[in-house]
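Chemist: Below is the structure I would like to discuss, written out as structure tokens.
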Ligand code: 5GP
Ligand code: MG
Ligand code: MG
């Protein structure tokens with residue numbers, strides 16, 4: 001387990017990703033151009049968003065701060081149960097700041113909704129969401145943004161369990177440079 005032969009099909013290639021991330025970074029840069037220095041904090045949701053945030057922020061041409069938060073939810077291997085717990089808090093003080101939450105994938109929406117209300121309690125000015133993938137067909141909870149926050153995503157993802165470009169199954173496959181559908185026999189016995 002953990003090798004490229006476990007991938008059934010590639011959904012987004014390395015070059016699809018590079019092009020789309022670059023275009024999205026341009027869009028976000030222009031949206032935040034008017035924000036004063038130090039007012040925008042990009043918060044990556046660890047671990048899944050690590051490659052996405054790295055590729056994204058180096059193309060943002062505006063002064064920003066970067067931090068990570070870790071959220072865990074307990075459930076079966078391929079589905080989050082919604083019982084979300086923050087296991088690594090922010091270092092940066094986000095009070096009064098514009099936060100861009102950077103996530104690998106929005107599935108049921110439970111993880112993001114929990115993180116957004118957590119940030120809201122810290123008194124942020126706004127929360128935007130920048131999700132690499134969005135699986136709208138699986139949404140169970142509406143993702144409500146804060147203040148002037150916007151929802152960005154790179155690609156809509158069909159209802160498959162995907163890995164690569166930061167996303168894992170059992171902590172494997174995160175290093176794949178593309179996004180692929182994992183063979184179901186890898187997680188169903
Ligand atoms: P949600 O709370 O929106 O249901 O799911 C949140 C988390 O579940 C995502 O941030 C991601 O870590 C994980 N997840 C959801 N769908 C997938 C998927 O297709 N592949 C992988 N690797 N993780 C997923
Ligand atoms: Mg995630
Ligand atoms: Mg995971």
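The values are calculated or read from the model by the stated rules, or taken from the named source; none is laboratory data. It should be emphasised that the depicted structure is a prediction, and the values quoted were computed from it without experimental measurement. Note: ideal-geometry Cβ built from the backbone for every residue, glycine included; neighbour counts use all protein chains shown.
Chemist: Can you confirm whether residue 105 is within 16 Å of ligand 1 (Cβ to nearest atom), over 15 Å from residue 118 (Cα atoms) and within 16 Å of the chain's Cα centre (by Cα)?
Modeler: Judged against the criteria, residue 105 is a match.
Chemist: Something else: Return the residues of segment 100-114 that are assigned to a strand (DSSP E or B), near ligand 2 (Cβ under 9 Å from one of its atoms) and in contact with a helix residue (DSSP H, G or I) (Cβ under 7 Å, 6 or more places away or on another chain); say none if nothing qualifies.
Modeler: 103, 104, 106 - these are the residues of segment 100-114 that are assigned to a strand (DSSP E or B), near ligand 2 (Cβ under 9 Å from one of its atoms) and in contact with a helix residue (DSSP H, G or I) (Cβ under 7 Å, 6 or more places away or on another chain).
Chemist: All but one of (1) buried (at least 17 other Cβ atoms within 10 Å of the Cβ); (2) modelled with pLDDT under 95; (3) within 23 Å of residue 155 (Cβ to Cβ) hold for residue 84, so report the exception by its number.
Modeler: Unmet for residue 84, out of (1) buried (at least 17 other Cβ atoms within 10 Å of the Cβ); (2) modelled with pLDDT under 95; (3) within 23 Å of residue 155 (Cβ to Cβ): (3).
Chemist: For residue 126, only one of the following conditions fails: (1) within 15 Å of ligand 2 (Cβ to nearest atom); (2) surrounded by fewer than 22 Cβ atoms within 10 Å (Cβ to Cβ). What is its number?
Modeler: So the condition that residue 126 fails would be (1).
Chemist: Report the residue count in segment 176-189 for those that are assigned to a loop (DSSP other than H, G, I, E, B) and surrounded by 12 or more Cβ atoms within 10 Å (Cβ to Cβ).
Modeler: 5
Chemist: Then there is this: Being within 13 Å of the chain's Cα centre (by Cα) and away from ligand 1 (no atom under 16 Å from the Cβ) narrows it down to one residue among 93, 89, 55; which is it?
Modeler: Going through 93, 89, 55 in turn, just one is within 13 Å of the chain's Cα centre (by Cα) and away from ligand 1 (no atom under 16 Å from the Cβ): 55.
Chemist: Test residue 124 against the criterion of being assigned to a loop (DSSP other than H, G, I, E, B), modelled with pLDDT of 95 or more and within 10 Å of ligand 1 (Cβ to nearest atom), and give yes or no.
Modeler: Taking the combined requirement at face value, the residue does not satisfy it.
Chemist: Hey, any hits in segment 6-17 for a residue that's loosely packed, with under 13 Cβ neighbours inside 10 Å, on the phi < 0 side of the Ramachandran plot and free of Cβ contacts under 8 Å to residues at least 24 places away in the same chain?
Modeler: yes
Chemist: Any chance you could count how many residues in segment 108-133 are touching a strand residue (DSSP E or B) at 6+ places or on another chain (Cβ under 8 Å) and within 16 Å of ligand 3 (Cβ to nearest atom)?
Modeler: Within segment 108-133, residues that are touching a strand residue (DSSP E or B) at 6+ places or on another chain (Cβ under 8 Å) and within 16 Å of ligand 3 (Cβ to nearest atom) number 8.
Chemist: Right, next: Looking at 142, 156, 120 in this structure, which one is over 17 Å from the mean Cα position of the chain (by Cα), more than 16 Å from residue 79 (Cα to Cα) and away from ligand 2 (no atom under 16 Å from the Cβ)?
Modeler: 120
Chemist: Residues in segment 74-96: is at least one away from ligand 3 (no atom under 16 Å from the Cβ) and at positive phi?
Modeler: yes
Chemist: Out of the residues in segment 32-56 that are farther than 20 Å from residue 164 by Cβ and at pLDDT 90 or above, state the one that is surrounded by the most Cβ atoms within 10 Å (Cβ to Cβ).
Modeler: My answer is 43.
Chemist: What strands (runs of 3 or more DSSP E) completely inside segment 1-73 contain at least 3 residues that are in contact with a strand residue (DSSP E or B) (Cβ under 8 Å, 6 or more places away or on another chain) and closer than 27 Å to residue 183 by Cα?
Modeler: Correct list: 7-12, 65-73.
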